[in-house]
Amino acid sequence: MKLPVADGPALRRETRTLVRRHRGALTVVVALHAAAACAGLAGPWLLGHLIDAVAVGTTSSYVDRTVAVLVVAVLAQTVLIRYAQRSAMVLGESVFAELREEFLSTVTRLPLSVVERAGTGDLIARTTTDIDRVQYTVRFGVPRLLVSGATIALTAVAAALTSPLVALGLLAGLPLLLPVARWYLRRAAPAYLRESAAYATLNGTITESVEGARTVDALNLGARRRARVDDDLREAFAAESKTLWLRSILFPGIDASFLLPVVAVLAWGAYLISTGGATIGAVTTIALYATQIIHPIWELIFWLDEIQVGATSLARILGVANVLPDRTAGSAQPSDEHVVATEVRYAYREGHDVLHGIDLDLVVGERLAVVGPSGTGKSTLGRMLAGIHPPSGGAVTVGGVPLVELPLGDLRGHVALVTQEHHVFVGSVADNLRLARVEADDAELERALRAVDAWGWVEALPDGLGTGVGSGGAALTPAQAQQLALARLVLLDPHTLVLDEATSLLDPRAARHLERSLSAVLAGRTVVAIAHRLHTAHDADRVAVVDGGRIVEIGSHDELVAAGGDYAALWHSWQQE
C-alpha cells in the first residue's frame, strides 16, 4: 500500500491558501526586490544617455552628475537587496514553520493500521527528504521566482521605453525558449514523482534491513536483502537518469535562447543606427539589458526546475492528509468496562485472515495471559483488544460500544496497549512521562516510576527527572526505555491494559520483580498479558492459548495443565528449559 499523493487542483488550492495567508509579507518582498531591480536598471540607462551626450558634445559637469547618480543607484540597489533578501528569508521561515506544524499534526493523526500497511520507508521519506525539499523551495525558490519574474518584466518595460524598435530584438530567444520550457514542464512532474517514490522505496528497504539485521543474519537472508537493495537502486538510478535527461535538453536550449537576444539586439540595432532609427546610446542600453536579463531568466528557469521538485514533494506531503480514517467516532458511551470480542477476524491483506472468528469475554478485573507459538496471531489479537485496528469482521466492545466507535481520547481512557517496541523522545525524563498526562506533577511522576522499579536509576541521573534523554541526551538501555513506557501507562491509568511482551527487554529476574510490583498498581484493572515467559501465565486468572489465529484452549493454569493439551506441553517444555 502506498500513501496517497495530492493531485494538481489540491496542490494549487494549498498554494493559493498560503499566498492569501501571507499576502502582506509577500507584497513587501516583491516590492523591495522590484525597487532593487529598478535601481539596477539605472546603470545601463544612464550609460546609454551618457554615450549619446558625448556623441553630440557635453560638459564634464554632466558626466560628473551622471556618475554621481549611478553611484547612488548602485548604493540604493545594495541596500534594497539586503532588506529584500532578509524579508524573503523571514517569509520563507514563517511559511515553512506553518507547513511543518500542519504536517506533523496530520502525521500524528494517521491511523496506525494505514501506517503499518504502507510501511516505514514512504512515510520516513515524506517526513525527511520531502520536507527538506519543500523547506529549500519555500525559503529560497518562491521568493527568487517572484523576484526573477518581476526583474524580467521591469527590464522589458525599461527596454521598450528606451527604444521600442531596438527592444524587439529581445524577443529573438522566445521561439526557442518557450517550446523547450513547455516540453520540459510537461514531462518534469511525473519524472520527479517517480524519482521521489523510488528513493522512498530504497530508504524503506535499507531501513528495514538495518533494523532487522539480526533476523537477516539468523535466517541467512543477506543475499536476498542485497538483491532487493540492488533492484531498488536500479529503479532509483533509472528514475534519476530520466530527470537528468530532461535537464540535459532544457539547459542547452536555455543557453542558446540567452545568446540569441544579445546577437539580435546588436545586429538589429546596428541596422537601425545606420538608418537613423536609433541612437548608439539606445542600442548600448538595450544590449546591456539583454546581457543583464540573462541572470534573472536563468534564475527563473533554474527555480522552475527546483520548484518542480518542491511541488512534487509538497504534493506527497499534502497527500498524507488524504488518508481516510479507519474508524468513525460515535456518540454512544460505554456503560461499564466489560470488554468482549465477538467473532473477530482480521486480515492484513484482503483474503488472508490472521485471526479466524475469535470469541473472548474478559471478566472485569481479571488477569488474562495469552500464550502460544510465535506467528500465531497473539500480537494481532492484542491490537484488536486495544482498538488499534478495526477488525475485518466481528467486533470488540467495551461496555457494549465498539472500540472503533470511541473517540481516540476516550478510547485510551478505557483500553491501552504497551508493546516491546518503545521510543525515548528528545527531552527530559519528565517530558517523556508527561506525554501520558500533561498535568502530572513531580510527585505523581515519582510514584509512577516507583511502580515500575525505575525510580532508583532515574534518581541517580545527573538532574533526576530533569535529565535530558533521547538523541543527544543521557543514553538509556532498552530495559530502561521499556520501564519509561510502563510508567507512562501507570500515569495514563486506563481500566483495561494490553501488555504485549511489555517486559521482554528485562532479564527474567528483573521482569518477575517488576510484574509483582505492577500487580499492586494494576489491582482491580483488567489486564491482558501476551507473553512467552510462562510464569506470567502461571500467575494469571486465566490463560488463553492461541494457535493458527484461533483460541484453542482457555482456562486457569491448573485446569489447562491437568487437561494435558497444548498449554500443558508448553508448560512442561518451559520448565525443562
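A few points about this structure:
- Of the residues E350, E337, the single one that is at negative phi and at pLDDT below 85 is E350.
- Residue, surrounded by the fewest Cβ atoms within 10 Å (Cβ to Cβ), within region 9-35, restricted to residues that are small (G, A, S) and without any contact (Cβ under 8 Å) to a residue 40 or more places away in the chain: G24
- Sole exception among (1) at pLDDT 85 or above; (2) under 23 Å from S113 (Cα atoms) for E444, by number: (2)
To keep it simple, each residue is scored yes or no on (1) in a loop (DSSP other than H, G, I, E, B); (2) aliphatic (A, V, I, L, M); (3) in contact with a His (Cβ under 6 Å, 6 or more places away or on another chain); (4) in the same structural domain as V147 (by TED's automatic domain parsing).
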| position | (1), (2), (3), (4) |
| --- | --- |
| I254 | no, yes, no, yes |
| T291 | no, no, no, yes |
| R327 | yes, no, no, no |
| V363 | yes, yes, no, no |
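- Test: residue in region 194-205 that is assigned to a helix (DSSP H, G or I), in the same structural domain as T129 (by TED's automatic domain parsing), among the basic types (K, R) and surrounded by 14 or more Cβ atoms within 10 Å (Cβ to Cβ): yes
- Boolean, G382 is buried (at least 17 other Cβ atoms within 10 Å of the Cβ), closer than 20 Å to G555 by Cα, within 32 Å of the chain's Cα centre (by Cα) and not hydrophobic (A, V, I, L, M, F, W, C): yes
- Some residue of region 451-468 being hydrophobic (A, V, I, L, M, F, W, C), assigned to a loop (DSSP other than H, G, I, E, B), free of Cβ contacts under 8 Å to residues at least 40 places away in the same chain and within 25 Å of V498 (Cα to Cα): yes
- Any hit, region 418-440, residues being small (G, A, S), in a helix (DSSP H, G or I) and without any contact (Cβ under 8 Å) to a residue 12 or more places away in the chain: no
- Scan region 532-566 for residues that are more than 45 Å from the chain's Cα centre (by Cα) and either part of a loop (DSSP other than H, G, I, E, B) or surrounded by 16 or more Cβ atoms within 10 Å (Cβ to Cβ) (or both) and the total you get is 8.
- Elements of the type helices (runs of 4 or more DSSP H) sitting completely within region 74-188 and holding at least 2 residues that are under 37 Å from the mean Cα position of the chain (by Cα) and of a type outside the set (S, T, N, Q): these cover 112-118, 120-125, 131-136, 142-162.
- Taken over region 246-274, residues that are of a type in the set (G, A, S), touching a residue at least 24 places away in the same chain (Cβ under 8 Å) and more than 24 Å from I51 (Cβ to Cβ) amount to 3.
The values are calculated or read from the model by the stated rules, or taken from the named source; none is laboratory data. Nothing here was measured: the structure is a model prediction, and the numbers come from that model. Positions of Cβ are backbone-derived with ideal geometry, glycine not excepted, and every protein chain shown enters the neighbour counts.
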